[in-house]
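J.: Structure below; questions to follow.
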Amino acid sequence: MDTPFTCANDRYRTDTRQGCPHGAGQARGSVLPVPLVTRHDTGDTLWLEYVAGGPGTVYWLMWYDATGRPRVRYSAVMDHPNLCVMLRALGHGHALPPPPAS
């Protein structure tokens, strides 16, 4: 994918049909309205994103540089229960999205 703040591999891709934009005028797909982490020295940001291509609703964490290009070559998806564990551990439990509709 060449769109800033999107990523794709052989099976999964950022689901730009859902979520929040990654900043003004950027692609949708973020679960939260702001990045989980921002590196002020480089402008790199860590986003929690919705992912298309998996069974049901799945998510991944993706690092982007200041221009929106992915910083990582590998990805792993997680389901809602695992997402809740991770967000609580990172201190973002207040930002938990509702569970997907059954």
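Values in this text are rule-based calculations from the coordinates and carry no lab data. These numbers come from a predicted model, not from an experiment. Please note: Cβ atoms are built from the backbone with ideal geometry, for glycine as well, and neighbour counts cover all protein chains shown.
J.: To the nearest 500 deg cm²/dmol, what mean residue ellipticity at 222 nm is calculated for the chain from DSSP H runs of n ≥ 4 alone, each contributing -39,500 (n - 2.57), summed and divided by the residues?
T.: So the calculated ellipticity at 222 nm is -3000 deg cm²/dmol.
J.: Compare Leu90, Leu48, Leu36 in a GNM of the chain, Cα atoms joined below 10 Å, and give the one with the largest fluctuation.
T.: Judging by the Gaussian network model, the answer is Leu90.
J.: Considering only C-alpha atoms, what is the centroid distance from region 1-25 to region 48-86, in Å?
T.: Going from one Cα centre to the other spans 10 Å.
J.: Whole percent per 5 Å bin, from 0 to the bin with the longest distance: what is P(r) over all C-alpha pairs of the chain?
T.: Distribution as computed: 2, 13, 25, 27, 20, 10, 2, 0, 0 percent.
J.: So how far apart, in nm, are the two label points at Val37 and Ala76 if each is 7 Å from Cα heading toward Cβ?
T.: 1.4
J.: Only Cα pairs under 8 Å and at least 6 apart count here; give the relative contact order of the chain as a rounded whole percent.
T.: Computed value for the chain: 19 percent relative contact order.
J.: Next question, about the same structure. Among Gly91, Gly56, Gly23, which one shows the highest mean-square fluctuation when the chain is modelled as a Gaussian network with alpha-carbon springs under 10 Å?
T.: Between Gly91, Gly56, Gly23, it is Gly91 that shows the largest mean-square fluctuation.
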